[in-house]
Amino acid sequence: MPFRLLIPLGLVCVLLPLHHGAPGPEGTAPDPAHYRERVKAMFYHAYDSYLENAFPYDELRPLTCDGHDTWGSFSLTLIDALDTLLILGNTSEFQRVVEVLQDNVDFDIDVNASVFETNIRVVGGLLSAHLLSKKAGVEVEAGWPCSGPLLRMAEEAARKLLPAFQTPTGMPYGTVNLLHGVNPGETPVTCTAGIGTFIVEFATLSSLTGDPVFEDVARVALMRLWESRSDIGLVGNHIDVLTGKWVAQDAGIGAGVDSYFEYLVKGAILLQDKKLMAMFLEYNKAIRNYTHFDDWYLWVQMYKGTVSMPVFQSLEAYWPGLQSLIGDIDNAMRTFLNYYTVWKQFGGLPEFYNIPQGYTVEKREGYPLRPELIESAMYLYRATGDPTLLELGRDAVECGFATIKDLRDHKLDNRMESFFLAETVKYLYLLFHPNNFIHNNGSTFDSVMTPHGECILGAGGYIFNTEAHPIDPAALHCCRRLKEEQWEVEDLIKEFYSLRQSRSRAQRKTVSSGPWEPPAGPGTLSSPENQPREKQPARQRAPLLSCPSQPFTSKLALLGQVFLDSS
């Protein structure tokens, strides 16, 4: 049953009053237009309260109506909410916030920051906003999307994280000081997700800036985790990045591991990368063999496969959405419905739920407005159209949102994490908005001229990073020169300088020793070390933006969903 609370006016997530006769009562399909407006109202109440009471701090404390810094000192909620503003259609506020961020955010500060959180929230949020700027009506500079102020901010933030990757294994420390690098006494123990959740943002950054260092370090970290898996194909949830030894050997799909698996799939889609998808599918087999019981996923010992924790964690609720991306819809729906029963039981998902006992785990009874179950509902609804999935969205809106400290009595907590505006509200809105530009099926697009030629953007297939910041996969092709073109440019330059040098020699010869003799021909250079390469076979000129077919047995379908070829 929906619960009602009287909450101080300053509280961000005040529960919205129900309208008498509101569309979509139990047993009927919710009215998407009605609930879109409800979600939008929730967003603006939270967003406006942050601006009035907490900016420029990272987050709002809703019970005391003030702000505090949490993950650094970045005005984090504003960065996290920026692309949500555009998805809700507010271009004027998007434009204003872009200016505010440029004027107020500084990464050259003496702050110890989470490498993982800074990447997914700050780097991811800035990259997404950069790629959406033109759609939002921002006057972009020449060379966009290969240049721009938000891209430069994202690059600056990411460079502050690079010292964390300077370890013997290539796996990063969990924390870095933005001014001084890794502190001498920093713990070398990092969670698996904190190592394997960089390829989406860092590969995008490398593609847009032309600097391969970001993608390179992200790939090395992924490969070190892959090489560290157990003989039965599982990974634990904490590892020593100096020695490569597992510190916590519980294997599962939830906290400490979750977004590593997510980024193998999303990285494979974004980069058309066969190896990343093959790695995930191997993990998926081991996960199903050892952790999957009656459509629940338990925690097991990574070397033996024996059950260590028979619990469901709210963070695991992303898994049905990830399953939908690889086309495993039936299993995704069964698992989703299990998780939905827990939501129905408590009016939210507790952080830990004891599966055999059917109740919350002590000291893990809270619900900090996590988005994962709503995220899965959005993906599955796009794949199936099943109205059951809209019912979850209705439940979420009808009950409203306040950070819940204890689901047993619904006591509130004095915090609203930035992911509420970045993820929870965004996924809810997109669940009820089938015609949003994010769901574009490729029927419309924008043509943009870059320094490298024409580029197509906005055609759909957006890849959400783990903080729900959408990345346009087409953008990765906008700022790359094809090797064939680089060779052609090199040949033209060498030919040009060869001709100039030959003519210069001929002119000098004319002055000193008689009539001018023509050079041996185009391409003849003056010194042996500059001799042209052997004649290359004719190269077929490729278009500046191509859409390569996937070289592995899956198909990139509309909406960025990958469905495996069952044949």
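The values are calculated or read from the model by the stated rules, or taken from the named source; none is laboratory data. For clarity, every value in this text was computed on a predicted model and none was experimentally measured. Methodologically, a virtual Cβ is constructed for each residue, glycine included, from the backbone with ideal geometry; neighbour enumeration extends over all protein chains shown. What goes into the accessible areas is simple: the full protein's heavy atoms, side chains included, and nothing from ligands, DNA or RNA. Shrake-Rupley method; radii C 1.70, N 1.55, O 1.52, S 1.80 Å.
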Matching residues in region 3-57 - criterion: being of a type outside the set (S, T, N, Q), at pLDDT 50 or above, within 22 Å of G385 (Cα to Cα) and in a loop (DSSP other than H, G, I, E, B): P25, E26, G27, A29, P30, D31
Residue in region 187-204 that is in a loop (DSSP other than H, G, I, E, B) and more than 16 Å from V123 (Cβ to Cβ) present: yes
Residues within region 278-301 that are open to solvent by less than 10 Å² (accessible area, probe 1.4 Å) and of a type in the set (F, W, Y), tallied: 4
Residues that are open to solvent by 10 Å² or more (accessible area, probe 1.4 Å) and under 16 Å from Y263 (Cα atoms), drawn from region 215-233: E215, D216, V217, R219, V220, M223, R224, W226
Where a residue in region 361-388 is under 20 Å from R408 (Cα atoms) and its partner, wherever it lies, is open to solvent by 40 Å² or more (accessible area, probe 1.4 Å) and of a type in the set (F, W, Y), with Cβ under 9 Å and at least six apart: V361/F352; E362/F352; K363/F352; R364/F352; E365/F352
Residue within region 129-149 that is farther than 19 Å from L86 by Cβ and touching a residue at least 24 places away in the same chain (Cβ under 8 Å) present: yes
Hits in region 205-229 (condition: acidic (D, E) and in a helix (DSSP H, G or I)): E215, D216, E227
All positions within region 199-214 that are open to solvent by less than 30 Å² (accessible area, probe 1.4 Å) and touching a Leu at 6+ places or on another chain (Cβ under 8 Å): I199, V200, E201, A203, T204, L205, S207, L208, F214
Unique residue being buried (at least 22 other Cβ atoms within 10 Å of the Cβ) and charged (D, E, K, R) when the list is K274, K266, K304: K266
Matching residues, region 58-96, being surrounded by fewer than 20 Cβ atoms within 10 Å (Cβ to Cβ), at pLDDT 90 or above and either under 21 Å from G124 (Cα atoms) or aromatic (F, W, Y) (or both): G89, N90, T91, E93, Q95, R96
One residue from Y297, Y318, Y260 being farther than 23 Å from A468 by Cα, touching a residue at least 24 places away in the same chain (Cβ under 8 Å) and aromatic (F, W, Y): Y297
Single residue of region 173-196 satisfying the filter (under 20 Å from the mean Cα position of the chain (by Cα) and open to solvent by less than 30 Å² (accessible area, probe 1.4 Å)) that is farthest from R159 (Cα to Cα): T192
Test: residue in region 87-109 that is within 18 Å of the chain's Cα centre (by Cα) and in a helix (DSSP H, G or I): yes
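Here's a check for you: in region 367-385, which residue that is outside any helix (DSSP H, G or I) and out of contact with any Leu (no Cβ under 7 Å at 6 or more places or on another chain) is most open to solvent (accessible area, probe 1.4 Å)?
Looking at the filtered set, the residue picked out is G385.
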